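Inspection log for the structure reproduced underneath, given as structure tokens.
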Amino acid sequence: MYKNYLKRIFDFLAAFFGLLLLSPIFLLVMVGLYFANQGKPFFFQARPGLNEKMFKIIKFKTMNDKKDKGRNFLPEITGWAQVNGRNAISWQKKFELDVWYVDLLSFKTD
């Protein structure tokens, strides 16, 4: 009984009241992202769900669409390895760069 009925009701009520409680914060985030992302505060992505049925997930868009003169996306600085090669370097090199950054963490390196 719990698995088939009560859990669904509990999950729905918890999500509903959580959304209600957090909605003022979500509204502030949405307004901030609206201005930061030229009117596009959300990111939509297709994902596989139950029985491999595709559905769209809506997330706050925290990355921008800014491009350089060559129409390439500008990197957002998220870590030392991303700044120095991202997908063009091996996992080993990424680990080495991130460890270097952690070991030499300072205002200057930031």
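The values are calculated or read from the model by the stated rules, or taken from the named source; none is laboratory data. Just so you know, these numbers come straight off a predicted model, no measurement behind them. Cβ placement follows ideal geometry from the backbone for every residue including glycine, while neighbour counts extend to all protein chains displayed. The area values use the complete protein model at the heavy-atom level, side chains included, leaving out ligands, DNA and RNA. Shrake-Rupley method; radii C 1.70, N 1.55, O 1.52, S 1.80 Å.
Can you name every residue in the stretch 53-73 that is within 23 Å of residue 31 (Cα to Cα) and assigned to a loop (DSSP other than H, G, I, E, B)?
Listed by number, the residues that qualify are 61, 62, 63, 64, 65, 66.
Exactly one of (1) over 24 Å from residue 29 (Cβ atoms); (2) of a type outside the set (S, T, N, Q); (3) surrounded by 12 or more Cβ atoms within 10 Å (Cβ to Cβ); (4) modelled with pLDDT under 80 is unmet by residue 89. Its number?
The single condition residue 89 does not satisfy is (4).
Being out of contact with any helix residue (DSSP H, G or I) (no Cβ under 8 Å at 6 or more places or on another chain), in a strand (DSSP E or B), free of Cβ contacts under 8 Å to residues at least 24 places away in the same chain and surrounded by fewer than 10 Cβ atoms within 10 Å (Cβ to Cβ) is the requirement here; does residue 108 meet it?
It is false that residue 108 is out of contact with any helix residue (DSSP H, G or I) (no Cβ under 8 Å at 6 or more places or on another chain), in a strand (DSSP E or B), free of Cβ contacts under 8 Å to residues at least 24 places away in the same chain and surrounded by fewer than 10 Cβ atoms within 10 Å (Cβ to Cβ).
Residues checked against (1) open to solvent by 100 Å² or more (accessible area, probe 1.4 Å); (2) on the phi > 0 side of the Ramachandran plot; (3) in contact with a Pro (Cβ under 6 Å, 6 or more places away or on another chain):
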{"residue": "13", "(1), (2), (3)": "no, no, no"}
{"residue": "34", "(1), (2), (3)": "yes, no, yes"}
{"residue": "59", "(1), (2), (3)": "no, no, no"}
{"residue": "95", "(1), (2), (3)": "yes, no, no"}
